[in-house]
Amino acid sequence: MSLRSKTNELRKRMKSAASGGGDKAIEKQTAMGKLTARERIVALLDEDSFQEYDLFVEHAAKDFDMANKYLAGDGVLTGTGTINGYPVCIYAQDFTVAGGSLGYMHARKIVKIMDHALKLRVPLIGINDSGGARIQEGVNSLAGYGEIFYRNTLASGVIPQISVILGPCAGGAVYSPALTDFVFVVDKISKMFITGPEVIKSVLGEEISMEDLGGARVHASLTGNAHFYAESEKECFDQIKTLFTYIPWNNGKKAESFQPKQPKSRTFKLGSIIPSDSKEPYDVRDVIKALADESDFFEIQAMWAQNITIGFARVNGETVGIVANQPMYLAGVLDVDSSDKAARFIRYCDSFNIPLLTLVDLPGYLPGIDQEHAGVIRHGAKLLYAYSEATVPKITVILRKAYGGGYIAMCSNHLRADFVFAWPTAEIAVMGPEGAANIIFRKEIKEAADPEKMRLEKVEEYKQKFANPYVAAAYGYIDAVIEPRETRKFIVHSLAISKNKEVRLPNKKHGIPPF
Ligand code: HXC
């Protein structure tokens, strides 16, 4: 056979292998508003950068008439490419082929590209659109998932791992994403659950739609399983591209530096954001935008546990991870979910050499039976653990309230913040003036001729004495009390001076965080 005819044969084989599950299945996929696996990769990666591997892999199953079935590419595409010029390893499950279900060879393809990603120290992106373990392949499918979970765990904190949920993902198909760093979902397209509505109905008799059980909104706002929510696949891919501008390729590198830019100071003025009444709420994102280059803030888990705000920004061209109490929601208290949310993000930043900027304004941990019984002790401790363990540069700015455990937990000097600054509006105390006065002056208030007048006097006395930054500053717990308009200058300086920070933690295999 001549080279030409061999080339023609190769092209024919490639066409067949790249054809997915056939026209009917592709039509069904498109009718649901979904791109095909190949279209997704092309849309996400830089133009012409995708190099595919293992196109000719076929399944080896025999049972349930599988020997007579051809599954193109065994239902998954794998390869390498670039995003904004960054090298990445990628896989995309093809729902048009046996529902993207994961059989033995399908898993082998994924595992192979994961091994590449870890060896090459480049990010891994998984586009998941799968009915879970391929039922006909039994324990071999389960083995495949086990191999994936093991590698997700090994790669955790070494290379960024991104999961994109673009279809109904059931069973094993959701546990791999749960082990990765960031999960992206798209409205009406993404569904995630361990057991679907049918199983729930047959076992428990409960009825629920797929959307209500595990749709994109549910995971973005209720469970916290998703970190980014988009209205369309295109918007989702744009979010991923933006994320890649903030994070490094691997844990041995730093995020790329950009040209420093000033915040849009006309829109966001630091001096006028905080209301004079310390009980009034405000949007902490305005403070972040007043500090960030071009006032750009890339928020993570924006719809879940909104009493804490986390995300990336750049200050003077350098990526920082921001953790900020959000007084607009529950006065910015710490609770089970907000502690979980912040602690995980802190560990992400610490793993990938991203300095942490913490903005503090909270009345403390949320009291209540629900919180106590939901394990606020264990979950709240995650925050203490994550901040104490983090060795990246840690800069804290106390904007207003910093009461009780909240003061300590929000990256205080005692958890080894490198620099703690406080605005003149800061109130650093064991608890708020009202609560404190009621407790320590209970007797005086009770015995006074006019108890209410006495109470107000004592609240004022406590405020004068403790509701300010100067007591903490007198002990050196605050490094500087600064005017709000000086904040960016102090942060820029602190980041620059901390570039070569080196801290060695006690030698150990690993700690035992309060998971
Ligand atoms: C084999 C599967 C499959 C699976 C779907 N298909 N899931 N084949 N194994 N797990 C096939 C269907 O038979 C069908 O084939 C095609 O994919 C499309 O599926 P539909 O059901 O027609 O699509 P849709 O109506 O959109 O429903 C999607 C779905 C549903 C919700 C995902 O298919 C479903 O519930 N699948 C089973 C989910 C599940 O319970 N998986 C096992 C989880 S156990 P044809 O030939 O008709 O086109 C698991 C264990 C690992 O994962 C645990 C590790 C911790």
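The values are calculated or read from the model by the stated rules, or taken from the named source; none is laboratory data. Just so it is clear, the structure is predicted and the values come from calculations on it, not from any experiment. In this analysis, Cβ positions are derived from the backbone assuming ideal geometry, glycine residues included, and neighbour counts consider all displayed protein chains. For the accessible areas, the whole protein counts, side chains as well, though only heavy atoms, and no ligand, DNA or RNA atoms are used. Shrake-Rupley method; radii C 1.70, N 1.55, O 1.52, S 1.80 Å.
A few points about this structure:
- The chain: antiparallel DSSP beta bridges as a percent of all, rounded to 5: 35 percent
- In the frame of its principal axes, segment 199-325 has Cα extents of 58, 44, 27 Å, reported largest first.
- Percentage, to the nearest whole number, of Cα pairs in segment 98-252 over 20 Å apart: 50 percent
- Charges were assigned to the Cβ only: +1 to each Lys and Arg, -1 to each Asp and Glu. The resulting dipole of segment 1-148 about its Cα centre is roughly 320 debye.
- Solvent-accessible area, 1.4 Å probe, carbon plus sulfur percent, for the chain: 55 percent
- Average accessible surface area per residue within segment 394-515, 1.4 Å rolling probe, Å²: 59 Å²
- Cα-based radius of gyration for segment 4-124, normalised by 2.2 N^0.38 Å, reads 1.09.
- Computed across segment 268-408, the Kirkwood radius stands at 15.1 Å (inverse of mean 1/r, all Cα pairs).
- For the chain, a simple Cβ point-charge model (Lys and Arg +1, Asp and Glu -1, everything else neutral) yields a dipole of about 1400 debye relative to the Cα centre.
- Every Cα-Cα pair in segment 357-507 was counted, and those over 29 Å apart are 29% of them.
- Positive-end extreme of charge dipole, the chain - chosen from Ile162, Phe193, Tyr470 (charges on Cβ): Ile162
- Per the Debye calculation on the chain with a single equal scatterer at every Cα and no solvent contribution, log₁₀ I(q)/I(0) for q = 0.09, 0.12 Å⁻¹ amounts to -0.70, -1.10.
- Average accessible surface for segment 10-135: 48 Å² per residue, computed with a 1.4 Å probe over protein heavy atoms with every protein chain in place.
- Working from the Cα coordinates of segment 60-131, the gyration tensor eigenvalues give, after taking √(5λ), semi-axes of 26, 12, 8 Å in decreasing order.
- When only alpha carbons are used to place a centre, segment 460-484 and segment 227-278 end up 31 Å from one another.
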